[in-house]
Amino acid sequence: MPKVTYIEFNGKQHEVNVENGLSIMEGAVQNGVPGIDADCGGACACATCHVYVKEEWLDKLPEQGDSEKDMLDFAFETKKNSRLSCQLILEDKHDGIIVNLPEKQG
Amino acid sequence: MKKTDAVIIGAGPVGLFAVFELGIMGLNAHVIDNLDKVGGQCIELYPDKPIYDIPALPECTGESLTKNLLKQIKPFNTEFHLNQRVESLEKKDHNWIVTTSDQEKFETPNVIIAAGVGSFEPRKPPIKNIEKFEKTNLYYAVKDKNKFKDQIVCIFGGGDSALDWTVELSKIAKKVILIHRRDDFRAAQHTVGLARDLEKEGKVEILTCYQPLDFKGDESIKTVEVKHDDGQQKNIEVDSVLAFFGLKMELGPIANWGLDLEAKSLKVNTENFETNEKGIFAIGDICTYPGKLKLILSGFHEGALCAQECFKRAKPDEKYVFRFTTSSSDIQKRLGVK
């Protein structure tokens, strides 16, 4: 079970063990981590599960699909390390991954 | 003022099926939605994505589900009030007065909130005090294109709205400047091609990999400050700004109606899905109770149960007798079965 660290915009950290096969979004929603809204429920259709992935983890993640690139247009203050966390499915190799949450979603 | 047995807020699948459940009991309903079309999230967010968990429909799409629900409620000739949001609910004796953003008013004993995650609102760029410009020269939609005649128009976005209006307004504006955060546009490639041609002719300027930093001006926007990915900043003088950053969902005025909330959901009982206010119900994704699942099928069930209570409130002197659609001649008459 990979451990994910979510860092809220105010600096508060949440360390959560998330089952393989779940997304970083699901890990947050199911464990009550605030700051990820996931309005559409993981359909890559709303851009309200936006996270900033700690740089060193970026190349371990699956590449952005077209729909994620399109939806990121709608996210609040995107940066180079912006991803939609519903598209980030966890595996063992992601153990220790760190994501920062934006000031707000949408 | 329109009098009706029920007002349904939200024209998504759950709101539509509530029309059916009310309809077979002989109750009429008006449906209000902030979008310009029926279907809610199913149509706005994922019309083509397959749905596999609607009972007896092994696979359908948001679009086909909506179409079929509209077919199912066709016998009831329901009135839809689109492009408007419910702004207020006021108590009047046994009834509620519902007022929309277009000042339409309804009097009804039953308000069914089937609003999903809330209403779809334009997403605004992250700029301080942006609201003051909304009164003057900042727009999230085009209502009258002639307003932009002979103007320098700055358009933000990379989708169909942004590209369509870039092409369209270039015919009457002095100049159109299109600004997008990346090099790719998700709009129809044909329209992107047209915009690129207009760029070569000098009618349109396209700036990519730029994001808005600030809008400057006293009452109206005079200058738009943008920043390139490489850090370089640019000031652009404009007459008006169109921002097409898509839609987002907001609970909106629902939060101000004195209803019990838990996170962004409305608390209901599971007997009739009434909120803490008599005659105000919540069904579908917007309601919460122990064990709640945000599934379309749960919303259908919630609508059926809430309709029973709506009947009691709409027709307090009549006794309701539960009937099946297979055998009730009353129901079949209402459905137009011959």
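Give, ordered by residue number, each residue of region B:185-221 whose 1.4 Å probe accessible area is reduced by a minimum of 10 Å² on adding the remaining protein chains to the chain alone.
B:R186, B:Q211
Tell me the total accessible area that A and B bury against each other, 1.4 angstrom probe, in square angstrom rounded to 100.
Summing both chains' loss of accessible area gives about 1600 Å².
Tally Lys and Arg at +1 and Asp and Glu at -1 over the other residues with C-beta under 14 Å from the C-beta of A:Y52: what net charge comes out?
0
In chain B, carbon and sulfur make up what percent of the accessible area (probe 1.4 Å)?
Its accessible area is 48 percent carbon and sulfur atoms.
Where in region A:91-106 does accessible area fall by at least 40 Å² between the isolated chain and the complete protein assembly, at a 1.4 Å probe radius?
A:G106
Over 20 Å between C-alpha atoms is what I'm after, so list which of A:K12/A:K104; B:K124/B:K171; A:K60/A:K80; A:K69/B:K222; B:K37/B:K128 land there.
Beyond 20 Å between Cα atoms: B:K124/B:K171; A:K69/B:K222; B:K37/B:K128.
Take peptides A:89-96, B:19-26, B:164-171, B:266-273 and line them up by average Cβ neighbours within 10 Å, highest first, as a rough protection proxy.
The packing order, highest mean first, is B:19-26, B:164-171, B:266-273, A:89-96.
Among B:276-283, B:72-79, how do they line up by average Cβ neighbours within 10 Å per residue, starting with the highest?
The most tightly packed comes first, giving B:276-283, B:72-79.
Run the helix sum for chain B: -39,500 (n - 2.57) per DSSP H stretch of 4+ residues, divided by residue count, reported at 222 nm to the nearest 500 deg cm²/dmol.
-6500 deg cm²/dmol
Take peptide B:38-50, look around each residue's Cβ out to 10 angstrom, count Cβ atoms belonging to other protein chains, and average those counts.
Counting other chains' Cβ atoms within 10 Å and averaging over B:38-50 gives 2.
Given the options A:K54, A:K80, A:K69, which has the most mean-square fluctuation in a GNM of chain A, springs set between C-alpha atoms less than 10 angstrom apart?
A:K80
Report, in whole Å, the centroid distance computed from the Cα atoms of region B:211-286 and region B:155-189.
Computed from Cα coordinates, the inter-centre distance equals 23 Å.
Rounded to the nearest 5, what % of the DSSP beta bridges within region B:151-257 are antiparallel ones?
That works out to approximately 45 percent antiparallel.
If you take every residue apart from B:T223 with its C-beta less than 14 Å away from the C-beta of B:T223, what net charge results, scoring Lys and Arg +1 and Asp and Glu -1?
-2
Determine the equivalent ellipsoid of the protein assembly as shown by diagonalising the alpha-carbon gyration tensor, then write out the semi-axes as square roots of 5 times the eigenvalues, largest first, rounded to whole Å.
Working through the eigenvalues yields semi-axes of 41, 29, 20 Å.
Quick check for me: using +1 on Lys/Arg Cβ and -1 on Asp/Glu Cβ, what's the dipole size of the protein assembly as shown about its Cα centre, in debye to the nearest 20?
Rounded to the nearest 20 debye, it is 1100 debye.
As I understand it, the dipole of the protein assembly as shown uses +1 on the Cβ of Lys and Arg and -1 on the Cβ of Asp and Glu, about the Cα centre. Which of B:N276, B:I130, B:H190 lies farthest toward its positive end?
Sorting the options by dipole projection puts first B:N276.
For the charge dipole of region A:3-97, defined by +1 on Lys and Arg C-beta atoms and -1 on Asp and Glu C-beta atoms about the Cα centroid, which residue among A:Q13, A:T78, A:G65 has the Cα displaced farthest towards the positive pole?
Positive-most Cα among the choices belongs to A:Q13.
Per residue, how much accessible surface does region B:114-238 expose to a 1.4 Å probe? Answer in Å², no decimals.
Result: 51 Å² of accessible area for each residue.
Test of the criteria: in region B:279-319, which trypsin sites (Lys or Arg not before Pro) are in a DSSP loop and have at most 11 other Cβ atoms within 10 angstrom of their Cβ?
Listed in order of number, the matching sites are B:K319.
For chain A, with all protein chains present and a 1.4 Å probe, just round the carbon and sulfur fraction of the accessible area to a whole percent.
43 percent
Would you tell me the accessible area of B:Y320, worked out with a 1.4 angstrom probe on the heavy atoms of the protein chains, in Å² to the nearest 10?
70 Å²
Where the centroid of each part is defined by its Cα atoms, how far is region A:56-106 from region B:295-338 in Å?
Here the answer is 46 Å between Cα centres.
Using the Cα centre of region B:1-117 as the reference point, and only Cβ charges (+1 on K/R, -1 on D/E), how large is the resulting charge dipole? Debye, rounded to the nearest 20.
Magnitude of the dipole: close to 220 debye.
When ligands, DNA and RNA are left out and all protein chains stay put, how many square angstrom of accessible area per residue does region A:3-97 have with a 1.4 Å probe?
Ligands and nucleic acids excluded, the figure is 47 Å² per residue.
Would you tell me the mean number of C-beta atoms belonging to other protein chains that fall within 10 Å of each C-beta in A:38-50, as a whole number?
4
The values are calculated or read from the model by the stated rules, or taken from the named source; none is laboratory data. Computed from a prediction, not measured in an experiment: that's the story for all the values here. Every residue, glycine among them, receives a Cβ derived from its backbone with ideal geometry; neighbour counts consider all protein chains shown. Accessible surface is based on the protein model in full, side chains and every heavy atom, while ligands, DNA and RNA are left aside. Shrake-Rupley method; radii C 1.70, N 1.55, O 1.52, S 1.80 Å.
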